[in-house]
Amino acid sequence: MVARRTGIRAALVALTVGMAALVPAAASAAPWRADVRHPHHPRPWVPPWHPGPLSPQAGAPGLGDPFFPLAGNGGYDVGNYSLKLDYEPSTGVLAGAAVITARATQDLSRFDLDLRGFTLANVRVDGRPAVFTRDGQELVITPARPIRARTAFVVSLSYAGVPEVVTDPDGSIEGWVPTVDGAFVVGEPQGSPSWFPANDNPRDKATYDVAITVPLGLTAMSNGVLAGTWSRGGRTTWAWRESSPMATYLATATLGRFTLTRSRVAGVPSYVAVDPSQEAASAPVLAKLPAMVDYFSSVFGRYPFDAVGAIVDDAPEVGYALESQTKPNFDRAPGEFTLAHEIAHQWYGNSVTLTVWPDIWLNEGFAAYSEWLWGEHTGQFTAQEVFDDLYAEPADSGLWSPPPAGLTDPAQLFSGSVYDRGAMTLHALRVTVGDPVFFRILKRWYAQNRDGNVTTAGFIALAERESRQDLDAFFAAWLTTPGKPASW
Ligand SMILES: [Zn+2]
(Lines give C-alpha, C1' and ligand atoms only; values in the text may rest on other atoms or scores of the structure.)
Protein backbone atom coordinates (compact mmCIF):
# COMPACT_ATOMS: atom_id res chain seq x y z
CA MET A 1 0.00 0.00 0.00
CA VAL A 2 1.54 3.21 -1.15
CA ALA A 3 0.59 5.40 1.78
CA ARG A 4 1.40 2.81 4.42
CA ARG A 5 4.69 1.83 2.80
CA THR A 6 5.74 5.48 2.81
CA GLY A 7 4.72 5.65 6.43
CA ILE A 8 6.87 2.67 7.36
CA ARG A 9 9.84 4.03 5.45
CA ALA A 10 9.53 7.39 7.22
CA ALA A 11 9.25 5.66 10.58
CA LEU A 12 12.38 3.61 9.88
CA VAL A 13 14.35 6.73 8.94
CA ALA A 14 13.22 8.44 12.13
CA LEU A 15 14.16 5.38 14.18
CA THR A 16 17.62 5.15 12.61
CA VAL A 17 18.28 8.87 13.14
CA GLY A 18 17.09 8.59 16.72
CA MET A 19 19.39 5.64 17.46
CA ALA A 20 22.41 7.37 15.95
CA ALA A 21 21.72 10.39 18.12
CA LEU A 22 21.67 8.18 21.21
CA VAL A 23 25.04 6.53 20.57
CA PRO A 24 27.22 9.01 18.68
CA ALA A 25 30.49 8.20 20.51
CA ALA A 26 30.27 4.47 20.01
CA ALA A 27 29.29 4.85 16.38
CA SER A 28 32.26 7.04 15.55
CA ALA A 29 34.95 5.47 17.75
CA ALA A 30 34.31 1.78 17.11
CA PRO A 31 37.59 0.68 18.75
CA TRP A 32 36.76 -3.03 18.42
CA ARG A 33 36.24 -3.05 14.68
CA ALA A 34 39.84 -3.88 13.76
CA ASP A 35 39.86 -6.91 16.05
CA VAL A 36 36.63 -8.19 14.65
CA ARG A 37 37.79 -7.92 11.09
CA HIS A 38 41.30 -9.28 11.71
CA PRO A 39 41.16 -11.64 14.66
CA HIS A 40 44.54 -12.47 16.22
CA HIS A 41 43.50 -16.08 16.62
CA PRO A 42 41.41 -17.48 13.80
CA ARG A 43 38.45 -19.43 15.06
CA PRO A 44 38.79 -23.20 14.67
CA TRP A 45 37.36 -24.42 11.40
CA VAL A 46 34.05 -26.23 11.79
CA PRO A 47 32.99 -28.64 9.09
CA PRO A 48 29.88 -27.15 7.45
CA TRP A 49 27.99 -30.44 7.87
CA HIS A 50 28.71 -30.67 11.60
CA PRO A 51 25.31 -31.62 12.97
CA GLY A 52 25.45 -29.70 16.25
CA PRO A 53 23.44 -30.63 19.31
CA LEU A 54 19.87 -31.79 18.77
CA SER A 55 17.15 -29.93 20.67
CA PRO A 56 14.01 -31.76 19.66
CA GLN A 57 10.63 -30.22 20.44
CA ALA A 58 7.07 -31.20 19.64
CA GLY A 59 5.73 -29.83 16.36
CA ALA A 60 2.80 -27.46 16.87
CA PRO A 61 -0.63 -29.15 16.67
CA GLY A 62 -1.93 -26.43 14.32
CA LEU A 63 -0.75 -23.62 12.05
CA GLY A 64 -2.91 -20.98 13.66
CA ASP A 65 -5.38 -20.31 10.87
CA PRO A 66 -7.88 -17.78 12.27
CA PHE A 67 -10.82 -20.04 11.33
CA PHE A 68 -9.27 -23.52 11.68
CA PRO A 69 -6.42 -23.10 14.19
CA LEU A 70 -5.75 -26.83 14.52
CA ALA A 71 -5.76 -27.53 10.77
CA GLY A 72 -2.26 -28.29 9.61
CA ASN A 73 0.67 -28.89 11.92
CA GLY A 74 4.01 -27.31 12.71
CA GLY A 75 7.55 -28.57 12.39
CA TYR A 76 7.59 -30.07 8.92
CA ASP A 77 6.65 -29.64 5.25
CA VAL A 78 5.16 -32.47 3.23
CA GLY A 79 6.73 -33.12 -0.17
CA ASN A 80 4.59 -36.03 -1.37
CA TYR A 81 1.59 -38.08 -0.33
CA SER A 82 1.52 -41.61 -1.70
CA LEU A 83 -1.90 -43.13 -0.96
CA LYS A 84 -3.14 -46.62 -1.71
CA LEU A 85 -6.86 -46.76 -1.09
CA ASP A 86 -9.34 -49.60 -1.30
CA TYR A 87 -13.04 -48.80 -1.12
CA GLU A 88 -15.97 -51.17 -0.91
CA PRO A 89 -19.20 -49.25 -1.58
CA SER A 90 -21.42 -52.07 -0.26
CA THR A 91 -19.95 -51.76 3.26
CA GLY A 92 -18.67 -48.19 3.07
CA VAL A 93 -15.27 -49.33 4.39
CA LEU A 94 -12.19 -47.47 3.21
CA ALA A 95 -8.81 -49.13 3.76
CA GLY A 96 -5.75 -47.00 3.15
CA ALA A 97 -1.99 -47.13 3.25
CA ALA A 98 -0.25 -43.77 3.32
CA VAL A 99 3.42 -42.99 2.75
CA ILE A 100 4.17 -39.35 3.46
CA THR A 101 7.54 -37.88 2.57
CA ALA A 102 8.27 -34.73 4.56
CA ARG A 103 11.09 -32.45 5.65
CA ALA A 104 11.54 -31.28 9.20
CA THR A 105 11.62 -27.52 9.73
CA GLN A 106 12.79 -27.91 13.34
CA ASP A 107 14.32 -30.64 15.49
CA LEU A 108 11.28 -32.79 16.18
CA SER A 109 10.59 -34.95 19.19
CA ARG A 110 7.10 -35.64 17.84
CA PHE A 111 4.68 -34.23 15.30
CA ASP A 112 1.01 -34.33 14.35
CA LEU A 113 -0.95 -35.30 11.28
CA ASP A 114 -4.63 -34.49 10.80
CA LEU A 115 -6.88 -37.56 10.51
CA ARG A 116 -10.51 -38.09 11.47
CA GLY A 117 -11.65 -41.55 12.55
CA PHE A 118 -10.25 -44.91 11.35
CA THR A 119 -8.38 -47.68 13.12
CA LEU A 120 -4.65 -47.33 12.64
CA ALA A 121 -1.87 -49.88 12.32
CA ASN A 122 1.77 -50.05 11.45
CA VAL A 123 2.64 -46.42 12.13
CA ARG A 124 6.30 -45.98 11.23
CA VAL A 125 8.79 -43.19 10.77
CA ASP A 126 11.71 -43.99 8.47
CA GLY A 127 10.74 -47.64 8.72
CA ARG A 128 10.91 -47.81 12.52
CA PRO A 129 7.74 -48.41 14.55
CA ALA A 130 6.51 -45.17 16.10
CA VAL A 131 4.26 -44.50 19.08
CA PHE A 132 1.03 -42.69 18.32
CA THR A 133 -1.92 -41.20 20.19
CA ARG A 134 -5.19 -39.66 18.98
CA ASP A 135 -6.72 -36.41 20.17
CA GLY A 136 -9.67 -35.33 18.03
CA GLN A 137 -8.34 -34.91 14.52
CA GLU A 138 -4.75 -34.73 15.82
CA LEU A 139 -2.77 -37.90 15.21
CA VAL A 140 0.30 -37.43 17.41
CA ILE A 141 3.30 -39.46 16.27
CA THR A 142 6.43 -39.93 18.36
CA PRO A 143 9.23 -41.43 16.27
CA ALA A 144 11.69 -43.89 17.81
CA ARG A 145 14.41 -41.29 17.30
CA PRO A 146 14.08 -37.50 17.13
CA ILE A 147 14.17 -35.99 13.65
CA ARG A 148 16.81 -33.41 12.91
CA ALA A 149 15.78 -30.08 11.37
CA ARG A 150 16.11 -29.85 7.59
CA THR A 151 16.23 -33.61 7.10
CA ALA A 152 13.74 -35.62 5.07
CA PHE A 153 11.70 -38.31 6.77
CA VAL A 154 9.04 -40.79 5.75
CA VAL A 155 5.87 -41.52 7.71
CA SER A 156 3.94 -44.64 6.80
CA LEU A 157 0.74 -46.02 8.25
CA SER A 158 -2.26 -48.18 7.48
CA TYR A 159 -5.82 -47.24 8.34
CA ALA A 160 -9.31 -48.63 7.86
CA GLY A 161 -12.88 -47.73 8.72
CA VAL A 162 -16.01 -46.04 7.46
CA PRO A 163 -15.05 -42.42 6.68
CA GLU A 164 -17.04 -39.81 8.59
CA VAL A 165 -18.78 -37.11 6.60
CA VAL A 166 -17.65 -33.70 7.85
CA THR A 167 -20.25 -31.02 8.59
CA ASP A 168 -18.86 -27.50 8.23
CA PRO A 169 -19.63 -24.42 10.34
CA ASP A 170 -22.08 -23.27 7.62
CA GLY A 171 -23.91 -26.63 7.76
CA SER A 172 -22.68 -27.97 4.41
CA ILE A 173 -21.15 -31.43 4.14
CA GLU A 174 -17.77 -32.47 2.77
CA GLY A 175 -15.13 -35.18 2.93
CA TRP A 176 -15.84 -38.71 1.74
CA VAL A 177 -19.57 -38.52 0.94
CA PRO A 178 -21.14 -41.89 -0.05
CA THR A 179 -23.29 -41.96 -3.20
CA VAL A 180 -25.52 -44.75 -4.52
CA ASP A 181 -22.63 -46.15 -6.59
CA GLY A 182 -19.49 -44.92 -4.83
CA ALA A 183 -18.37 -41.70 -3.15
CA PHE A 184 -18.17 -37.98 -3.92
CA VAL A 185 -14.91 -36.80 -2.40
CA VAL A 186 -14.34 -33.08 -1.73
CA GLY A 187 -12.19 -31.39 0.90
CA GLU A 188 -12.76 -27.64 1.20
CA PRO A 189 -12.04 -26.34 3.72
CA GLN A 190 -11.44 -29.28 6.09
CA GLY A 191 -12.66 -32.56 4.59
CA SER A 192 -9.40 -34.18 3.50
CA PRO A 193 -8.45 -35.66 6.90
CA SER A 194 -11.65 -37.70 6.65
CA TRP A 195 -9.95 -39.89 4.02
CA PHE A 196 -6.18 -39.50 4.39
CA PRO A 197 -3.66 -38.40 7.03
CA ALA A 198 -2.61 -34.89 6.06
CA ASN A 199 -0.94 -31.67 7.02
CA ASP A 200 -4.30 -30.09 6.32
CA ASN A 201 -3.39 -26.49 5.64
CA PRO A 202 -3.34 -24.73 2.25
CA ARG A 203 0.19 -23.48 2.95
CA ASP A 204 1.70 -26.98 2.77
CA LYS A 205 1.34 -27.96 -0.87
CA ALA A 206 2.66 -31.32 -2.02
CA THR A 207 2.60 -33.75 -4.93
CA TYR A 208 0.33 -36.79 -4.81
CA ASP A 209 0.29 -40.39 -6.00
CA VAL A 210 -3.17 -41.82 -5.40
CA ALA A 211 -4.09 -45.41 -6.32
CA ILE A 212 -7.69 -46.37 -5.65
CA THR A 213 -8.97 -49.93 -5.86
CA VAL A 214 -12.71 -50.36 -6.48
CA PRO A 215 -15.06 -53.12 -7.65
CA LEU A 216 -14.71 -53.95 -11.34
CA GLY A 217 -16.95 -51.67 -13.41
CA LEU A 218 -16.47 -48.59 -11.24
CA THR A 219 -14.19 -45.69 -12.14
CA ALA A 220 -12.01 -44.02 -9.50
CA MET A 221 -10.84 -40.49 -10.25
CA SER A 222 -8.11 -38.41 -8.65
CA ASN A 223 -5.95 -35.42 -9.45
CA GLY A 224 -3.42 -35.14 -12.27
CA VAL A 225 -2.68 -37.73 -14.93
CA LEU A 226 -3.75 -41.36 -15.08
CA ALA A 227 -0.61 -43.40 -14.50
CA GLY A 228 -2.32 -46.73 -15.12
CA THR A 229 -5.21 -49.07 -14.40
CA TRP A 230 -5.14 -52.78 -13.69
CA SER A 231 -7.70 -55.38 -12.65
CA ARG A 232 -7.34 -58.45 -10.49
CA GLY A 233 -9.81 -60.62 -8.60
CA GLY A 234 -12.86 -58.59 -9.57
CA ARG A 235 -11.35 -55.26 -8.57
CA THR A 236 -9.75 -52.49 -10.56
CA THR A 237 -7.01 -50.12 -9.41
CA TRP A 238 -6.84 -46.60 -10.80
CA ALA A 239 -3.45 -44.94 -10.26
CA TRP A 240 -3.20 -41.16 -10.58
CA ARG A 241 -0.30 -38.78 -10.23
CA GLU A 242 -0.53 -35.07 -9.42
CA SER A 243 2.94 -33.67 -10.03
CA SER A 244 2.17 -30.01 -9.36
CA PRO A 245 2.12 -28.77 -5.78
CA MET A 246 -1.42 -29.14 -4.45
CA ALA A 247 -3.18 -27.97 -1.30
CA THR A 248 -4.79 -30.78 0.67
CA TYR A 249 -8.30 -29.37 0.26
CA LEU A 250 -8.05 -29.83 -3.52
CA ALA A 251 -7.43 -33.58 -3.42
CA THR A 252 -10.20 -35.86 -4.67
CA ALA A 253 -10.92 -39.56 -5.01
CA THR A 254 -14.47 -39.43 -6.34
CA LEU A 255 -15.51 -42.86 -7.56
CA GLY A 256 -18.57 -44.57 -8.97
CA ARG A 257 -20.17 -45.56 -12.23
CA PHE A 258 -18.83 -43.09 -14.77
CA THR A 259 -18.31 -42.71 -18.48
CA LEU A 260 -14.71 -41.55 -18.77
CA THR A 261 -13.78 -39.58 -21.87
CA ARG A 262 -10.10 -39.00 -22.53
CA SER A 263 -8.82 -36.39 -24.97
CA ARG A 264 -6.28 -33.59 -25.13
CA VAL A 265 -7.04 -29.99 -24.19
CA ALA A 266 -4.55 -27.13 -24.34
CA GLY A 267 -1.76 -29.63 -24.95
CA VAL A 268 -2.39 -31.75 -21.85
CA PRO A 269 -4.49 -34.89 -21.23
CA SER A 270 -8.14 -34.31 -20.39
CA TYR A 271 -10.22 -36.71 -18.29
CA VAL A 272 -13.94 -36.06 -18.09
CA ALA A 273 -15.94 -38.53 -15.98
CA VAL A 274 -19.72 -38.31 -16.10
CA ASP A 275 -22.32 -40.27 -14.18
CA PRO A 276 -24.61 -41.85 -16.82
CA SER A 277 -27.65 -40.13 -15.27
CA GLN A 278 -26.03 -36.74 -15.93
CA GLU A 279 -24.67 -37.30 -19.43
CA ALA A 280 -27.47 -35.77 -21.48
CA ALA A 281 -27.72 -32.65 -19.34
CA SER A 282 -23.97 -32.05 -19.06
CA ALA A 283 -22.81 -32.82 -22.63
CA PRO A 284 -23.51 -29.36 -24.14
CA VAL A 285 -21.79 -27.60 -21.23
CA LEU A 286 -18.79 -29.93 -21.06
CA ALA A 287 -18.30 -29.36 -24.80
CA LYS A 288 -17.28 -25.80 -23.87
CA LEU A 289 -14.51 -26.90 -21.51
CA PRO A 290 -11.67 -26.70 -24.08
CA ALA A 291 -12.75 -23.21 -25.14
CA MET A 292 -12.85 -22.12 -21.50
CA VAL A 293 -9.33 -23.41 -20.86
CA ASP A 294 -8.12 -21.63 -24.01
CA TYR A 295 -9.84 -18.37 -23.15
CA PHE A 296 -8.69 -18.25 -19.52
CA SER A 297 -5.16 -19.20 -20.64
CA SER A 298 -5.18 -16.17 -22.94
CA VAL A 299 -6.37 -13.84 -20.14
CA PHE A 300 -4.58 -15.25 -17.05
CA GLY A 301 -1.53 -17.04 -18.50
CA ARG A 302 -0.63 -20.60 -19.43
CA TYR A 303 -2.83 -23.35 -17.92
CA PRO A 304 -1.17 -24.25 -14.59
CA PHE A 305 -1.28 -28.08 -14.54
CA ASP A 306 -0.42 -31.14 -16.61
CA ALA A 307 -4.01 -32.41 -16.83
CA VAL A 308 -7.51 -30.98 -17.14
CA GLY A 309 -10.92 -32.53 -16.72
CA ALA A 310 -14.14 -32.69 -14.76
CA ILE A 311 -16.09 -35.15 -12.63
CA VAL A 312 -19.86 -34.91 -12.95
CA ASP A 313 -21.53 -37.10 -10.34
CA ASP A 314 -25.06 -37.57 -9.08
CA ALA A 315 -24.69 -36.35 -5.49
CA PRO A 316 -27.40 -33.70 -5.05
CA GLU A 317 -27.25 -33.91 -1.25
CA VAL A 318 -23.83 -32.18 -1.43
CA GLY A 319 -25.34 -29.12 -3.06
CA TYR A 320 -22.22 -27.51 -4.52
CA ALA A 321 -19.37 -27.96 -6.98
CA LEU A 322 -15.71 -27.85 -5.98
CA GLU A 323 -12.61 -26.94 -7.98
CA SER A 324 -10.53 -30.04 -7.03
CA GLN A 325 -7.17 -29.66 -8.76
CA THR A 326 -7.26 -30.59 -12.48
CA LYS A 327 -10.69 -32.24 -11.99
CA PRO A 328 -13.41 -30.09 -10.50
CA ASN A 329 -16.20 -32.09 -8.85
CA PHE A 330 -19.81 -31.36 -9.78
CA ASP A 331 -22.63 -32.81 -7.71
CA ARG A 332 -24.85 -32.76 -10.83
CA ALA A 333 -24.68 -31.62 -14.45
CA PRO A 334 -23.14 -28.14 -14.21
CA GLY A 335 -24.41 -25.00 -15.85
CA GLU A 336 -22.08 -23.15 -18.19
CA PHE A 337 -21.05 -20.54 -15.62
CA THR A 338 -20.49 -23.08 -12.87
CA LEU A 339 -18.08 -24.89 -15.18
CA ALA A 340 -16.35 -21.61 -16.07
CA HIS A 341 -16.09 -20.79 -12.35
CA GLU A 342 -14.39 -24.09 -11.44
CA ILE A 343 -12.08 -24.00 -14.46
CA ALA A 344 -10.98 -20.45 -13.57
CA HIS A 345 -10.19 -21.68 -10.04
CA GLN A 346 -7.38 -23.77 -11.52
CA TRP A 347 -5.46 -20.48 -11.80
CA TYR A 348 -6.96 -18.56 -8.85
CA GLY A 349 -7.40 -20.83 -5.86
CA ASN A 350 -5.50 -23.91 -7.00
CA SER A 351 -2.23 -22.57 -8.42
CA VAL A 352 -2.47 -19.22 -6.60
CA THR A 353 -3.83 -20.27 -3.21
CA LEU A 354 -4.96 -18.36 -0.16
CA THR A 355 -2.67 -18.52 2.87
CA VAL A 356 -5.41 -18.23 5.51
CA TRP A 357 -9.09 -19.06 5.13
CA PRO A 358 -10.45 -15.56 5.90
CA ASP A 359 -8.85 -14.53 2.56
CA ILE A 360 -11.29 -16.82 0.70
CA TRP A 361 -12.38 -13.92 -1.54
CA LEU A 362 -9.00 -14.31 -3.31
CA ASN A 363 -10.36 -17.67 -4.50
CA GLU A 364 -14.07 -16.96 -4.88
CA GLY A 365 -14.11 -13.33 -5.96
CA PHE A 366 -11.69 -14.19 -8.77
CA ALA A 367 -13.60 -17.30 -9.87
CA ALA A 368 -16.92 -15.41 -9.76
CA TYR A 369 -15.46 -12.55 -11.79
CA SER A 370 -14.14 -15.12 -14.28
CA GLU A 371 -17.78 -16.10 -14.91
CA TRP A 372 -18.47 -12.49 -15.87
CA LEU A 373 -15.42 -12.47 -18.14
CA TRP A 374 -16.62 -15.66 -19.81
CA GLY A 375 -20.07 -14.11 -20.36
CA GLU A 376 -18.41 -11.04 -21.86
CA HIS A 377 -16.07 -13.14 -24.04
CA THR A 378 -18.97 -15.19 -25.42
CA GLY A 379 -21.12 -12.13 -26.06
CA GLN A 380 -23.84 -13.05 -23.56
CA PHE A 381 -23.52 -9.96 -21.37
CA THR A 382 -20.85 -7.57 -20.22
CA ALA A 383 -19.20 -7.52 -16.84
CA GLN A 384 -20.42 -3.94 -16.47
CA GLU A 385 -24.03 -5.10 -16.91
CA VAL A 386 -23.66 -7.69 -14.14
CA PHE A 387 -21.99 -5.11 -11.94
CA ASP A 388 -24.78 -2.57 -12.56
CA ASP A 389 -27.48 -5.13 -11.78
CA LEU A 390 -25.80 -6.04 -8.50
CA TYR A 391 -25.01 -2.45 -7.59
CA ALA A 392 -28.71 -1.66 -7.87
CA GLU A 393 -29.29 -3.85 -4.80
CA PRO A 394 -30.39 -1.78 -1.80
CA ALA A 395 -28.00 -1.02 1.04
CA ASP A 396 -29.71 -3.54 3.34
CA SER A 397 -29.34 -6.39 0.81
CA GLY A 398 -27.44 -9.49 1.94
CA LEU A 399 -25.25 -8.95 -1.12
CA TRP A 400 -23.12 -6.46 0.84
CA SER A 401 -22.62 -8.39 4.03
CA PRO A 402 -20.18 -9.53 5.27
CA PRO A 403 -17.52 -7.52 3.38
CA PRO A 404 -15.45 -10.04 1.38
CA ALA A 405 -12.19 -9.59 3.30
CA GLY A 406 -13.87 -8.81 6.60
CA LEU A 407 -15.07 -12.27 7.59
CA THR A 408 -15.16 -12.94 11.32
CA ASP A 409 -16.54 -16.47 11.44
CA PRO A 410 -15.88 -19.67 9.43
CA ALA A 411 -19.64 -19.98 8.82
CA GLN A 412 -19.28 -16.91 6.55
CA LEU A 413 -16.65 -18.49 4.28
CA PHE A 414 -18.96 -19.17 1.36
CA SER A 415 -21.34 -16.24 1.79
CA GLY A 416 -22.81 -14.76 -1.37
CA SER A 417 -21.00 -11.49 -0.66
CA VAL A 418 -17.61 -13.23 -0.86
CA TYR A 419 -18.48 -14.16 -4.44
CA ASP A 420 -20.58 -11.25 -5.71
CA ARG A 421 -19.06 -8.35 -3.83
CA GLY A 422 -15.65 -10.01 -4.34
CA ALA A 423 -16.22 -10.04 -8.10
CA MET A 424 -17.58 -6.48 -7.95
CA THR A 425 -14.35 -5.44 -6.23
CA LEU A 426 -12.37 -6.71 -9.19
CA HIS A 427 -14.69 -5.02 -11.67
CA ALA A 428 -14.51 -1.74 -9.77
CA LEU A 429 -10.72 -2.09 -9.84
CA ARG A 430 -10.88 -2.65 -13.61
CA VAL A 431 -12.92 0.53 -14.06
CA THR A 432 -10.57 2.45 -11.76
CA VAL A 433 -7.26 1.44 -13.35
CA GLY A 434 -8.41 0.74 -16.92
CA ASP A 435 -8.42 -2.49 -18.93
CA PRO A 436 -4.70 -2.68 -19.85
CA VAL A 437 -3.53 -2.27 -16.25
CA PHE A 438 -6.28 -4.50 -14.83
CA PHE A 439 -5.53 -7.44 -17.10
CA ARG A 440 -1.82 -6.99 -16.48
CA ILE A 441 -2.54 -7.23 -12.75
CA LEU A 442 -4.49 -10.48 -13.28
CA LYS A 443 -1.64 -11.97 -15.34
CA ARG A 444 1.08 -10.90 -12.90
CA TRP A 445 -0.89 -12.12 -9.89
CA TYR A 446 -0.78 -15.56 -11.45
CA ALA A 447 2.75 -15.40 -12.90
CA GLN A 448 4.29 -14.17 -9.65
CA ASN A 449 2.44 -16.56 -7.35
CA ARG A 450 2.15 -19.73 -9.39
CA ASP A 451 2.14 -22.85 -7.14
CA GLY A 452 2.28 -20.48 -4.17
CA ASN A 453 0.21 -18.84 -1.44
CA VAL A 454 -1.05 -15.28 -1.33
CA THR A 455 -2.69 -12.69 0.89
CA THR A 456 -5.09 -9.79 0.37
CA ALA A 457 -2.29 -7.38 1.32
CA GLY A 458 -0.15 -8.88 -1.43
CA PHE A 459 -2.87 -8.31 -4.00
CA ILE A 460 -3.40 -4.72 -2.95
CA ALA A 461 0.35 -4.09 -3.14
CA LEU A 462 0.49 -5.53 -6.67
CA ALA A 463 -2.51 -3.48 -7.82
CA GLU A 464 -0.91 -0.32 -6.43
CA ARG A 465 2.45 -1.06 -8.05
CA GLU A 466 0.95 -1.80 -11.46
CA SER A 467 -1.47 1.13 -11.42
CA ARG A 468 0.83 3.59 -9.63
CA GLN A 469 -2.20 4.59 -7.61
CA ASP A 470 -2.88 4.70 -3.91
CA LEU A 471 -5.75 2.22 -3.66
CA ASP A 472 -5.99 1.90 0.14
CA ALA A 473 -9.29 3.74 0.38
CA PHE A 474 -10.66 1.92 -2.65
CA PHE A 475 -9.91 -1.54 -1.26
CA ALA A 476 -11.02 -0.60 2.24
CA ALA A 477 -14.40 0.48 0.84
CA TRP A 478 -14.85 -2.67 -1.25
CA LEU A 479 -13.23 -5.36 0.87
CA THR A 480 -13.47 -4.56 4.55
CA THR A 481 -15.99 -1.81 5.23
CA PRO A 482 -19.47 -3.06 6.19
CA GLY A 483 -22.37 -1.88 4.07
CA LYS A 484 -22.72 -0.88 0.43
CA PRO A 485 -19.65 0.89 -0.97
CA ALA A 486 -20.79 4.41 -1.76
CA SER A 487 -18.24 5.21 -4.42
CA TRP A 488 -14.74 4.35 -5.43
ZN1 LIG B 1 -15.47 -21.23 -6.21
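Data overview
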| quantity | calculated |
| --- | --- |
| Beta bridges by DSSP in the chain, antiparallel share as percent, to the nearest 5 | 80 percent |
| For region 304-329 versus region 107-180, the gap between their alpha-carbon centres in whole angstrom | 25 Å |
| Options A102, V210, T259, ranked by Cα towards positive dipole end of the chain, top entry (Cβ charges) | A102 |
| Kirkwood-based shape ratio for the chain, expressed as Rg/Rh from alpha carbons | 1.03 |
| Lys/Arg +1, Asp/Glu -1 at C-beta; the chain dipole; positive extreme among Q190, F414, G458 | G458 |
| T167 versus A266: modelled label distance in nm, points set 7 Å from Cα along the beta carbon direction | 3.8 nm |
| Relative contact order (%) - the chain, alpha-carbon pairs under 8 angstrom, separation at least six | 12 percent |
| Label-to-label distance, nm, for residues given as F439 and R134 (7 Å Cα→Cβ offset) | 5.4 nm |
| Over region 314-451, relative contact order from alpha-carbon pairs under 8 Å, at least 6 apart, % | 24 percent |
| For q = 0.14, 0.18, 0.20 Å⁻¹, Debye-computed log10 I/I(0) when each Cα of region 77-193 counts as one equal scatterer | -0.64, -0.97, -1.13 |
| Unit charges on C-beta of K, R, D, E only; dipole of the chain, Debye | 2480 debye |
| E88-A281 FRET efficiency (beta carbon distance; Förster radius 25 Å; 0.05 resolution) | 0.25 |
| Extension gain from Q380 to R150, taking 0.36 nm per residue of separation minus the Cα-Cα distance | 77.5 nm |
| Kyte-Doolittle mean at least 1.0 and Cα axial length at least 15 Å: DSSP H helices in the chain | 2-22, 289-300 |
| Region 363-488 shape via C-alpha gyration tensor axes, a/c threshold 1.5 | rounded |
| Flagged links, alpha-carbon separation over 31 Å, of K327/K484; K288/K443; K288/K484; K84/K327 | K327/K484; K288/K484 |
| Extension gain, T480 back to D126 (0.36 nm per residue minus Cα-Cα distance, nm) | 122.7 nm |
| Paramagnetic reach from A58 (point 7 Å along Cα→Cβ, amide N under 17 Å) across region 94-123 | 106-115 |
| Kirkwood hydrodynamic radius of region 168-251, from inverse mean 1/r over distinct Cα pairs, in Å | 13.8 Å |
| Theoretical gain in end-to-end length, E317 to A411 [0.36 nm per residue, Cα-Cα removed] | 32.0 nm |
| Helix-derived mean residue ellipticity, 222 nm - over the chain, DSSP H n ≥ 4, -39500 (n - 2.57), to 500 | -8500 deg cm²/dmol |
| Region 275-361: Rg to Rh, with Rh as the Kirkwood radius over Cα pairs | 0.98 |
| FRET efficiency, T119 to T142 (Cβ-Cβ, R0 22 Å, nearest 0.05) | 0.70 |
| Distance between region 370-392 and region 424-460 - C-alpha centres, whole angstrom | 18 Å |
| Area accessible to solvent at K288, 1.4 Å probe radius, in Å² | 80 Å² |
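The values are calculated or read from the model by the stated rules, or taken from the named source; none is laboratory data. Worth saying up front: this structure is predicted, and the values here are computed from it rather than measured. Cβ: placed from backbone, ideal geometry, glycine included. Neighbour counts: every protein chain shown. Each accessible area value is taken on the protein alone, full model and side chains, heavy atoms only, with ligands, DNA and RNA left out. Shrake-Rupley method; radii C 1.70, N 1.55, O 1.52, S 1.80 Å.
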